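> Sending over a structure as structure tokens; questions will come in a sec.
The values are calculated or read from the model by the stated rules, or taken from the named source; none is laboratory data. Predicted model only: the values in this text are computed from it and were never measured. Please note: Cβ atoms are built from the backbone with ideal geometry, for glycine as well, and neighbour counts cover all protein chains shown.
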Amino acid sequence: MTYKVKIEVIDVLNNGKCSMEQKVGDTYNYPEDRGKMCPSSFHILYPWILVMQSGGRLYFDADDNITLGCSDYKHQVVYRISRTKIGED
């Protein structure tokens, strides 16, 4: 089964200013928006995106979401990655 993956910025820690200008509420659809998000963050999120896109299971919550952060230790951007089955509304 294939899924559509959505990445959403849900928090920017410390002073709320990301060096790549990402802000709370920014959303990205994979694969359509792949080049629009921070490349460093994408590098960290990509393995999780692939698992979610292919229907894999790790330790997601009951709603098929996972929350992850980027590697910027001063202004960490926190993402929620979610998925929906292709063809669902």
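> Of a type in the set (Val, Ile, Thr) and either part of a loop (DSSP other than H, G, I, E, B) or more than 12 Å from the chain's Cα centre (by Cα) (or both): is that true of Val9 in this structure?
Here the answer is no, as Val9 does not meet what is asked.
> Here's a follow-up. Considering only region 19-36, state which residues are touching a helix residue (DSSP H, G or I) at 6+ places or on another chain (Cβ under 9 Å) and more than 19 Å from Ile49 (Cβ to Cβ).
Result: no residue meets the conditions.
> Filter region 27-36 for residues that are of a type outside the set (Lys, Arg) and closer than 18 Å to Thr84 by Cα; which is farthest from the chain's Cα centre (by Cα)?
Selected residue: Glu32.
> Go through region 10-21 and give me each residue that's crowded, with 19+ Cβ neighbours inside 10 Å and at pLDDT below 95.
Cys18
> Does region 3-41 hold any residues that are closer than 24 Å to Tyr73 by Cβ and hydrophobic (A, V, I, L, M, F, W, C), and which are they?
Of everything in region 3-41, those that are closer than 24 Å to Tyr73 by Cβ and hydrophobic (A, V, I, L, M, F, W, C) turn out to be Ile7, Val9, Ile10, Val12, Leu13, Cys18, Met20, Val24, Met37, Cys38.
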